[in-house]
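In what follows, a structure is listed as structure tokens, so that the remarks can point back to it.
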Amino acid sequence: MSNLLNQIQLIGDRLSFVLLVVVCAFVFPWEANLCVFLLLLILQTTSSLLRPSSAKAGLLFRRFVRYFLLLTLLMVAVNALLLREGKIIAEVFGVSLFQGGAIFGLTTGLRLLVLATALGILFGSTPLAEFADYLGNVGLPSSVVLTLLLSLYFVETLPHRISRIFTAQEARGVPVRSNLFARIRVFSILLMPLMLSSIIESIDRGMSLELRGFHSESRISREGLVGVRRTISRRSAFFLLLASAVITLRLALWLTQ
Amino acid sequence: MRGWIRDQFRREIAGIGLPFLAFGVALNLTLGQLTTALKIPMYLDSVGTILVAVLCGPLSAMLTGSLANTLGSALGSPGMIFFIPVVLVIGAFTGFIASRGWFRVWYLVLLGGILQGLLAALVSAPISAYLFGGVMMAGTDFLVMYFRSIGHSLLESVLYQGFASDPIDKTVSYLIAFFIVHNLPGSILARFYGGRNITRPAIDEQPPESDPTHR
């Protein structure tokens, strides 16, 4: 019971921290967002709240950040090249790069980088099954939580099914390497067995849910079973207050300008 | 209103609906694998949402799209979470036109796909422009670059790119969904709340107007 409460509190803290970071990403200028990004990288390795839940999650997070760093650099380059505002900051092989475009690229790129890093930290430190459990405990309808968990199961099994069907249909002579229109037609032919097998599985699962009284009005809720209280921890309250303060400050600045 | 939404959602997910909704979420996320294998230059990432909208209803389709984008963010594409408003529109619009019987005939499906593409482009353009600066690391970025290089603003360029590519993508997705649902056996269609979106009620099922015993 105390373990469950601890877990709920931890995930709640992470969510409110991510909310604070999201607010900062939209409100702060690019220089501050660069600092927030670096701070997030440090916190991700030092804070027990935000550390990846497994080595695999850590690896995914690093790959994730690398991808978004690359995207940010690309955004800066593309905007500096195409947005011809301000003075020329550099010339590469006779192509001029403009300051206005570079700053716009930095602003949007770093905002995206901070948002992506915050989301990466949230999902890297919280396994999805635990996250779904948390959502159920804080009052999300059980049908939504069950859908999320079932989706995770399908996401894991569908790629194997798809590759099996693809190989089988190719062996039967379906023109998978023909022209574009033929390939679009083949797409439906490949999708049909996938659909039918998944519908049959859905029928079985739907039936077992009905038999267990899942859709019944008188079903006992999980909350009723474990008696979880919906409270906000001090840490969460602090993050939420900070987020509200940032929004208020930004609004005050905007109104006085 | 809240009560209506709850009751409607319950009707949509009853029986086979809920597991199928989960399948729709997974289909949205994994279909990319098939398009890559077949080298089809399209996203087709909303086929699951469209199928759920037609076979179950608009509310479950909106949930399918939102969950798919949330899960997609958690599984490695964080940008997806910001496009939840787009999938909400896709789910609601497709569910609405399916309930009006548009998925019974191919030409209405074609028209629906084009309208859906335009609508999706309108909703996604501000998100793509202001949050991503028009760069999505996809082939369509070249179109944005082209429009910007000929003097259009960022929002205009992203909007034109959406108008150029989204209707094609959504029309193909609609046609694929149309082909699939019309090839499903009647016994399976009957299990879905939205099964009547596809099949016309049989003549002998309609109550005769002169039948005084029919209530």
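The values are calculated or read from the model by the stated rules, or taken from the named source; none is laboratory data. Please read all numbers here as calculations on a predicted model, not as lab measurements. All Cβ positions, even for glycine, are placed from backbone atoms using ideal geometry, and neighbour counts span all protein chains on display. In case anyone asks, the SASA skips ligands and DNA or RNA and just uses the protein heavy atoms, side chains included. Shrake-Rupley method; radii C 1.70, N 1.55, O 1.52, S 1.80 Å.
Being open to solvent by 50 Å² or more (accessible area, probe 1.4 Å) and either more than 20 Å from B:G15 (Cα to Cα) or touching a strand residue (DSSP E or B) at 6+ places or on another chain (Cβ under 9 Å) (or both) narrows it down to one of A:R172, A:R183, A:R205, A:R212, so name that one.
Selected residue: A:R172, the only one of A:R172, A:R183, A:R205, A:R212 that is open to solvent by 50 Å² or more (accessible area, probe 1.4 Å) and either more than 20 Å from B:G15 (Cα to Cα) or touching a strand residue (DSSP E or B) at 6+ places or on another chain (Cβ under 9 Å) (or both).
Residue check: is B:Y174 surrounded by fewer than 17 Cβ atoms within 10 Å (Cβ to Cβ) and of a type in the set (S, T, Y)?
So B:Y174 does not fit the description; no.
For A:T167, only one of the following conditions fails: (1) surrounded by 17 or more Cβ atoms within 10 Å (Cβ to Cβ); (2) without any contact (Cβ under 8 Å) to a residue 24 or more places away in the chain. What is its number?
With respect to (1) surrounded by 17 or more Cβ atoms within 10 Å (Cβ to Cβ); (2) without any contact (Cβ under 8 Å) to a residue 24 or more places away in the chain, A:T167 is out only on (1).
With the condition kept exactly as written, say whether any residue in the range B:55-75 is modelled with pLDDT under 85 and within 28 Å of A:F181 (Cβ to Cβ).
Within the range B:55-75, not a single residue is modelled with pLDDT under 85 and within 28 Å of A:F181 (Cβ to Cβ).
Tell me the residue from B:L119, B:L111, B:L115 that is of a type outside the set (D, E, K, R), over 23 Å from A:L148 (Cα atoms) and surrounded by fewer than 16 Cβ atoms within 10 Å (Cβ to Cβ), please.
Selected residue: B:L111, the only one of B:L119, B:L111, B:L115 that is of a type outside the set (D, E, K, R), over 23 Å from A:L148 (Cα atoms) and surrounded by fewer than 16 Cβ atoms within 10 Å (Cβ to Cβ).
For the subset of the range B:122-146 comprising residues that are of a type in the set (A, V, I, L, M, F, W, C) and more than 10 Å from chain A (Cβ to nearest Cβ), which member is most open to solvent (accessible area, probe 1.4 Å)?
Out of the qualifying residues, it is B:F142.
Yes/no matrix, rows are residues, columns are (1) hydroxyl-bearing (S, T, Y); (2) touching a strand residue (DSSP E or B) at 6+ places or on another chain (Cβ under 8 Å); (3) modelled with pLDDT of 85 or more; (4) over 29 Å from A:I247 (Cβ atoms):
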site: A:V23; (1), (2), (3), (4): no, no, yes, no
site: A:P29; (1), (2), (3), (4): no, no, yes, no
site: A:A32; (1), (2), (3), (4): no, no, yes, no
site: A:S53; (1), (2), (3), (4): yes, no, no, yes
site: A:L60; (1), (2), (3), (4): no, no, no, yes
site: A:T72; (1), (2), (3), (4): yes, no, yes, no
site: A:M75; (1), (2), (3), (4): no, no, no, no
site: A:L82; (1), (2), (3), (4): no, no, no, yes
site: A:G94; (1), (2), (3), (4): no, no, no, yes
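Just to be sure before I move on: is A:V176 hydrophobic (A, V, I, L, M, F, W, C) and either facing another protein chain (nearest Cβ under 7 Å) or in a loop (DSSP other than H, G, I, E, B) (or both) in the structure I sent?
Considered against the rule, which asks whether it is hydrophobic (A, V, I, L, M, F, W, C) and either facing another protein chain (nearest Cβ under 7 Å) or in a loop (DSSP other than H, G, I, E, B) (or both), A:V176 comes out as yes.
Evaluate the range B:63-81: report whether one residue or more is open to solvent by 40 Å² or more (accessible area, probe 1.4 Å) and more than 26 Å from A:A118 (Cβ to Cβ).
No, there is no match, as no residue in the range B:63-81 is open to solvent by 40 Å² or more (accessible area, probe 1.4 Å) and more than 26 Å from A:A118 (Cβ to Cβ).
Return a yes/no flag: does the range A:108-126 have any residue that is surrounded by fewer than 14 Cβ atoms within 10 Å (Cβ to Cβ) and either charged (D, E, K, R) or within 18 Å of the chain's Cα centre (by Cα) (or both).
No, there is no match, as no residue in the range A:108-126 is surrounded by fewer than 14 Cβ atoms within 10 Å (Cβ to Cβ) and either charged (D, E, K, R) or within 18 Å of the chain's Cα centre (by Cα) (or both).
Out of all the residues in the range B:1-31, which are surrounded by 16 or more Cβ atoms within 10 Å (Cβ to Cβ), at pLDDT below 90 and among the small types (G, A, S)?
Within the range B:1-31, B:A14, B:G15, B:G17 qualify.
Condition first: assigned to a helix (DSSP H, G or I) and either open to solvent by 20 Å² or more (accessible area, probe 1.4 Å) or small (G, A, S) (or both). Now tell me which residues in the range B:189-198 satisfy that.
Across the range B:189-198, the qualifying residues are B:Y193, B:G194, B:G195, B:R196.
Name, by its number, the condition in (1) without any contact (Cβ under 8 Å) to a residue 60 or more places away in the chain; (2) open to solvent by less than 90 Å² (accessible area, probe 1.4 Å); (3) closer than 30 Å to A:L249 by Cα; (4) of a type outside the set (A, V, I, L, M) that does not hold for A:Q44.
(1)
Just a yes or no: is a residue in the range A:57-64 more than 24 Å from B:S157 (Cβ to Cβ), among the charged types (D, E, K, R) and within 22 Å of the chain's Cα centre (by Cα)?
Within the range A:57-64, one or more residues are more than 24 Å from B:S157 (Cβ to Cβ), among the charged types (D, E, K, R) and within 22 Å of the chain's Cα centre (by Cα).
Which one is nearest to A:T108 (Cα to Cα), of the residues in the range B:154-165 that are open to solvent by less than 60 Å² (accessible area, probe 1.4 Å) and within 13 Å of chain A (Cβ to nearest Cβ)?
Within the range B:154-165, the match that is nearest to A:T108 (Cα to Cα) is B:L154.
Would you say B:P185 is modelled with pLDDT of 85 or more, open to solvent by less than 20 Å² (accessible area, probe 1.4 Å) and either within 12 Å of chain A (Cβ to nearest Cβ) or out of contact with any Asp or Glu (no Cβ under 7 Å at 6 or more places or on another chain) (or both)?
no
From the list A:L40, A:L74, pick out the single residue that is more than 20 Å from A:L15 (Cβ to Cβ) and assigned by TED's automatic domain parsing to the domain that holds A:L119.
Answer to the check: A:L74.
Go through the residues of the range B:89-98 one by one and say whether even a single one is within 30 Å of A:M75 (Cβ to Cβ) and either surrounded by fewer than 23 Cβ atoms within 10 Å (Cβ to Cβ) or over 13 Å from the mean Cα position of the chain (by Cα) (or both).
Yes, the range B:89-98 contains a residue that is within 30 Å of A:M75 (Cβ to Cβ) and either surrounded by fewer than 23 Cβ atoms within 10 Å (Cβ to Cβ) or over 13 Å from the mean Cα position of the chain (by Cα) (or both).
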